[in-house]
Amino acid sequence: MSTSSRFLGRVIPALLLGLLLLTSCTMLPAGRRAVVVYTSVDRVFSEPILDAFEAETGIEVLPVYDVEAAKTTGLMNRLIAEKDRPKADVFWSGEFAMTITLQDEGVLAPYRSDQCADIPAVFVDPEYHWIGFAGRARVLIVNTDEVPPDRFPRSIDDLLDPAWPADRVGIAYPMFGTTATQAAALYADLGPEAARDYFQGLVDRGVRVVDGNSVVRDMVAAGQLAFGLTDTDDACSAVERGDPVAIVFPDQGEGDLGTLVIPNTVALVAGGPNPEQGRAFIDYLVSVETEQRLVDSGWSHVPVRPLESGPACIDASNVRAMDVALGQVYRELARSQVELGEMFVR
Amino acid sequence: MSWRVGWGAAARGVLAALALALVLSPLAALVAQAAAAVLGGAGGWASLAVPTGRRATLLAQSASLALAVALAGMALGVLAGVALWRLPPRQRALARWAVWVAAFVPPYVHALAWSAAADRLQRSLVSIGFPRLPMRGWGLAWWVQVMALAPLAVGLALAGLQSLDRDAIDAARPLRPDTAVLLRVALPMAAPLVAAGGALLFLLTLTDYAVPSLFQVGVYAMELLTEFSAHHEPARALLLALPLALLAALVVAVGQRMLPLLPQRPGAAGEAWGLPPRWPPWLVGLQTAAGALLMAQLAVPLVALVALAVAEPALADTLRSAGGEIAYSLGVAAAAALVALPVALALGPMLARGMAGRGGGWLWLLAAFPVAVPAPLVGVGLIALWNRPGLEALYDSSAMPVLAAVARFAPLAVAVVAAQWRRVDPAFLDVARVLQARPWQAGLQVALPLLAPGCLAGMGIVFVLSLGELGATLLVAPPGRSTLTLRIYNYLHYGASGDVAGLCLVVLALALLVGAGTMAVLAAWGRLLPDSSRLLPDSSRVLPDGSRVLPDGSRVLPDGSHVSPDRGGGTP
Amino acid sequence: MIVVQDVARRYGATAALDGVSFEVPEEGTVAILGPSGSGKTTLLRLIAGLEAPDAGAITAGGRLLSAPGRVVAPHLRGMGLVPQASALWPHMTVAQNILFGLHGLPRAEARRRLDELMARTGLAPLARRYPHQISGGEARRVALARALAPRPRYLLMDEPLTNLDGDLRDALLALIRGLVGETRASLLYVTHRPEEAGTLGGRVLRLSAGRVVAGDAGAAAGHGRHDG
């Protein structure tokens, strides 16, 4: 037999054997105490919570993380696609639109946790399909090298102000993520026409539209933008990094719109493989202790109930939140996404 | 003997059908879902498949951006290829390998690096009085896309230039100056591979939304994503993706027509030019510019990555904690490459043979579709197919990300093997079939080794692309398991640039290792196989000591040296 | 007249040619006989200017063409080359292949020469065909016509008759002899078959392991000496 065939005859079977071993080794063994958590919260923040739960309860956590580049076509679509035979026990999201969508699709099961007794009713689904906690806010992040404090923007309308050159202010695409949620909130609060006018104004001016909240933050921090709209967790990570930025809660004046507060949400998946462990995890997640931990880690800055200590990077104790119901926001989401998609993608 | 022949053909047919099923099944599941939705539900869904008005404009914009990137890539590839040609063989091999490794760096890294560089440039220009230019638009998107994909074009152009028949160049040089030889002989003969590079760049640009969105350029792929995000119905997204897929298939169909032009004889061993060619100053200038661009293409992201990584204090911890993902990514990518091998072997020769006949075009269309379907849709198709009672053993295992990678990238390996098959002299196989003692000997001992370079290249491509796969893996990775790319993109959202840079460097190192390994194996394989000219069926005999007797009575010893006939008197 | 003087060419440690000297007289014919690997093709490539010698000099018509570090470009040497495998360019028709070397001429003149050559070589019916559509013997004729189109002073051929059988061989033989005689070019050809050396006429030189073994001027053809 020639050398080459000998080579092939030995190496290929060996590699195939290795392949077999690889796939068999990574199969989930049955009958272990585990809980499967699908989470869209940044791994840097969610992983410590999952590890802590595992340490405290001995229940192994098997996580699936989301990625922003998938633009919400990731986990949510996975849950919907798996609907007939769910693999997940719990869904933990950094906002609520995905969660309510899943509720509409029939993916979720109701669970009323003891731990959520002190959470205001506005943050909890009336039928307990999901629970909101540990809020984030939509804020203005401002570069302090470029903008003196007396000239700080104070409202989202400042994005339309001609005093600021259009390519020096920025937002993320309003069809995805929390920016989409804010757009839907504007649709719900101001009415569709006024909201459309606002965004059309942004397009007409030629405001910078980029690929995500973290990009807005990075560009403001680097001085490529004077200010932009982003989330509190993104903004605070820049502050902690020591970047020359400041955070402004927009529209705080009397009679103004208010700042949009977006809570984390957690929900039980209907028909999941480990419902008991799932419920235990939800109890853990919505407890006061965990919310404190999330505030301390810098993920949440607007807690839904009074805590021992507030967030380090900003004072959110007197923030005036936008007065709009989460369900209402959700209902505007589909329309706002499509209309803004047509407006911004040309 | 005829029943044996029947078995062989049947076995090959079954293998081919299995391979085709493996690659196309997720797509088929999606199409079935879409068909059911369209037939059973409201009308108006079919209108998604035909772009009108705004969507038609977006499609045209996507196509023109893709075309511009492909053309620039080909030009850069040819110029850089010709420039690299001047290097001595060892340096040239090193340059070629570096170019292919550079192909791995994720486009997002290029986008960030060039965006930052452009901004810095603009600031210094503004400080000396220039007007501020907007950091957005077609120009920037085109530039970044070309920079991100340039290594692919350069690598393929170089391969095309390397494969030139030395005799063809030799015959041309005494007749006209070297520039004319380059333009009229060398480039046309290298055109098939150069065009393959252009087609690849076109496809990858057409289906990309990340880079255009960063610079606010409206493209059809973004529209697709918006739609999927708003309605999360795979059927709608699939229909919307149809025009894109058809456009991609068209490009592939046109490209495959050029395959017959690939030289039938492998290029003669050794340099194609011998004495270095003499270029006029303007050509040398262009080549130098291309070479400089190529170096910038590698240097800018590397510098950006390293600068970001060393600034990160917690980098070592991040790398340590990512150890599991590194191993997992390697495992999944290797498994995908391994599975792609029999797929490519089963379908490649079929594709190459079928090209001659009518069926060939359709086969190529089938091969092109998976490449153009957006990654998340492939994931959804896999879930639809495999998430069933009784299949938990498969669905909960790591076989799923492997299947996702195979479905998306195996067609590329098939194409490479098909191209390699075209270059095999059918005489080799004919002789082997006549001489073989057992039915599969010809295939195993002759065809397989001859296909080896193409197989290795195909596997390498699948490996590298699987390593960077994101959209489909996200949907089917078993809970508790994560790949390096998933972690990187998760961190990107968080904005841990230092960590991202460090992990990207790890990915780069992995690509380097695999690239080096593949090149080494290819080189060793070349030594295993004797010079092709000696394999020509010239009725030579093989002696027991391994030497061969040529028709003129002289002998070729096993070490390659030649001994004259040892009989007295010449034979008239 | 081509004069090759002490030419050497090394590839790494191996010496492909090691001090080769001979002459090709004006309008004369020289055959170089040598087994595979003896450096015949390398020698032809050196004379054609496709490689540079490591030592020695090559002159033609009194003009220095090649010396270490100094090589006149291949297209300025007045030479025609027919490689061993014909090496027709697959993307050009037969006519385009032949026309390639006539680029500098006015169109009418080029066409005239093309028609003349194709008639002479019997290639006229194949003018529009592509190389993959013609036979091996026809390809040889095209390669020959292509090399001779610009009327070079010297013609270099690598294994002109190898792998051709009986009738084809004789036909090509006659064609080569005829064309070379008409154009009055000097012919230098290499072969590894002793029976072919000398069939095209002229002196026969023997090349073995990089050296000219048989004597230069005046050495007889016929039985090759064997090295055992």
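The values are calculated or read from the model by the stated rules, or taken from the named source; none is laboratory data. Given the structure is predicted, the values throughout are model-derived calculations rather than measurements. Note: ideal-geometry Cβ built from the backbone for every residue, glycine included; neighbour counts use all protein chains shown.
Conditions tested, residue by residue: (1) out of contact with any helix residue (DSSP H, G or I) (no Cβ under 6 Å at 6 or more places or on another chain); (2) modelled with pLDDT of 80 or more; (3) more than 13 Å from every other protein chain (Cβ to nearest Cβ).
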site: B:102; (1), (2), (3): no, no, yes
site: B:136; (1), (2), (3): yes, no, no
site: B:147; (1), (2), (3): no, yes, yes
site: B:176; (1), (2), (3): no, yes, no
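Over 20 Å from the mean Cα position of the chain (by Cα), among the aromatic types (Phe, Trp, Tyr), at pLDDT 85 or above and under 25 Å from residue B:250 (Cα atoms): does that describe residue B:45? For residue B:45, the condition - over 20 Å from the mean Cα position of the chain (by Cα), among the aromatic types (Phe, Trp, Tyr), at pLDDT 85 or above and under 25 Å from residue B:250 (Cα atoms) - is not met. Note on region C:134-170: residues that are in contact with a helix residue (DSSP H, G or I) (Cβ under 8 Å, 6 or more places away or on another chain) and polar (S, T, N, Q) total 1.
When B:474, B:513 are checked against the criterion of being aliphatic (A, V, I, L, M), at pLDDT below 80 and outside any loop (DSSP other than H, G, I, E, B), B:513 stands alone in meeting it. Inspect all residues belonging to region B:453-469 and state whether any of them is within 22 Å of residue A:210 (Cβ to Cβ) and within 11 Å of chain A (Cβ to nearest Cβ). No; the residues of region B:453-469 include none that is within 22 Å of residue A:210 (Cβ to Cβ) and within 11 Å of chain A (Cβ to nearest Cβ).
Checking every residue in region B:440-451 against the condition of being assigned to a helix (DSSP H, G or I), more than 12 Å from every other protein chain (Cβ to nearest Cβ) and free of Cβ contacts under 8 Å to residues at least 24 places away in the same chain gives zero matches. Scanning region B:11-38 for residues that are surrounded by fewer than 14 Cβ atoms within 10 Å (Cβ to Cβ) and either in contact with a strand residue (DSSP E or B) (Cβ under 8 Å, 6 or more places away or on another chain) or modelled with pLDDT under 80 (or both) yields one hit, B:11. The residues of region A:98-134 that are of a type in the set (Gly, Ala, Ser) and surrounded by 24 or more Cβ atoms within 10 Å (Cβ to Cβ), listed by number, are A:132, A:134. Look at residue A:207 and say whether it is touching a residue at least 60 places away in the same chain (Cβ under 8 Å), buried (at least 19 other Cβ atoms within 10 Å of the Cβ) and hydrophobic (A, V, I, L, M, F, W, C). Taking the combined requirement at face value, the residue does not satisfy it. Out of all the residues in region B:162-180, which are of a type outside the set (Asp, Glu), buried (at least 24 other Cβ atoms within 10 Å of the Cβ) and assigned to a helix (DSSP H, G or I)? Passing the criteria: B:168, B:169, B:171, B:172.
The residue of region C:58-88 that is nearest to residue B:182 (Cα to Cα), among those that are over 18 Å from the mean Cα position of the chain (by Cα) and surrounded by 17 or more Cβ atoms within 10 Å (Cβ to Cβ), is C:71. Here is a check on your reading of the model: is residue A:173 within 14 Å of chain B (Cβ to nearest Cβ) and modelled with pLDDT of 95 or more? So residue A:173 does not fit the description; no.
Kindly establish whether residue C:110 is outside any loop (DSSP other than H, G, I, E, B), within 14 Å of chain B (Cβ to nearest Cβ), touching a residue at least 40 places away in the same chain (Cβ under 8 Å) and within 17 Å of residue C:96 (Cα to Cα). Against the criterion (outside any loop (DSSP other than H, G, I, E, B), within 14 Å of chain B (Cβ to nearest Cβ), touching a residue at least 40 places away in the same chain (Cβ under 8 Å) and within 17 Å of residue C:96 (Cα to Cα)), residue C:110 does not qualify. Among the residues making up region C:170-220, those that are within 19 Å of the chain's Cα centre (by Cα), within 13 Å of another protein chain (Cβ to nearest Cβ) and either at positive phi or modelled with pLDDT under 75 (or both) are C:198, C:210. Does residue C:118 meet the test of being free of Cβ contacts under 8 Å to residues at least 60 places away in the same chain, farther than 30 Å from residue C:21 by Cα and part of a loop (DSSP other than H, G, I, E, B)? So residue C:118 fails the test.
Select from region C:136-169 the residues that are surrounded by fewer than 17 Cβ atoms within 10 Å (Cβ to Cβ) and modelled with pLDDT of 90 or more and list them in ascending order. Scanning region C:136-169 gives a single hit, C:151. A search for C-beta distances below 8 Å between a residue of region B:220-245 that is within 12 Å of chain A (Cβ to nearest Cβ) and any residue that is surrounded by fewer than 23 Cβ atoms within 10 Å (Cβ to Cβ) and among the basic types (Lys, Arg), counting only pairs 6+ apart in sequence or on different chains, returns B:220/B:55; B:223/B:55; B:227/B:236; B:228/B:236. The listed residues are C:65, C:88, and the only one of them that is out of contact with any helix residue (DSSP H, G or I) (no Cβ under 6 Å at 6 or more places or on another chain), at pLDDT 90 or above and aliphatic (A, V, I, L, M) turns out to be C:65. With respect to the conditions (1) under 30 Å from residue A:187 (Cα atoms); (2) away from chain B (no Cβ under 14 Å); (3) crowded, with 16+ Cβ neighbours inside 10 Å; (4) touching a Phe, Trp or Tyr at 6+ places or on another chain (Cβ under 9 Å), residue A:290 lacks only one, and its number is (1).
Within region A:194-237, can you find the residues that are of a type in the set (S, T, N, Q) and in a helix (DSSP H, G or I)? Selection gives A:200, A:213, A:214, A:232, A:237.
So that you can scan it fast, the table gives a plain yes or no per residue for (1) more than 19 Å from residue B:273 (Cα to Cα); (2) under 28 Å from the mean Cα position of the chain (by Cα):
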{"residue": "B:136", "(1), (2)": "yes, no"}
{"residue": "B:142", "(1), (2)": "yes, yes"}
{"residue": "B:159", "(1), (2)": "no, yes"}
{"residue": "B:201", "(1), (2)": "yes, yes"}
{"residue": "B:219", "(1), (2)": "yes, yes"}
{"residue": "B:224", "(1), (2)": "yes, yes"}
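Number of residues in region C:121-131 that are surrounded by 12 or more Cβ atoms within 10 Å (Cβ to Cβ) and either in contact with a strand residue (DSSP E or B) (Cβ under 7 Å, 6 or more places away or on another chain) or assigned to a helix (DSSP H, G or I) (or both): the value is 4. Total residues in region B:289-318 satisfying the condition of being over 27 Å from the mean Cα position of the chain (by Cα) and buried (at least 17 other Cβ atoms within 10 Å of the Cβ): the figure is 5. The selection criterion, being away from chain B (no Cβ under 14 Å) and under 19 Å from the mean Cα position of the chain (by Cα), holds for residue C:137. Of the residues making up region A:52-65, those that are away from every other protein chain (no Cβ under 11 Å) and either among the aliphatic types (A, V, I, L, M) or over 14 Å from residue A:274 (Cβ atoms) (or both) are A:52, A:55, A:56, A:59. Taking region C:2-25 as the range and being at pLDDT 90 or above and in a loop (DSSP other than H, G, I, E, B) as the test, only C:25 passes. Among the numbered conditions (1) on the phi > 0 side of the Ramachandran plot; (2) more than 10 Å from every other protein chain (Cβ to nearest Cβ), the only one that residue B:193 does not meet is (1).
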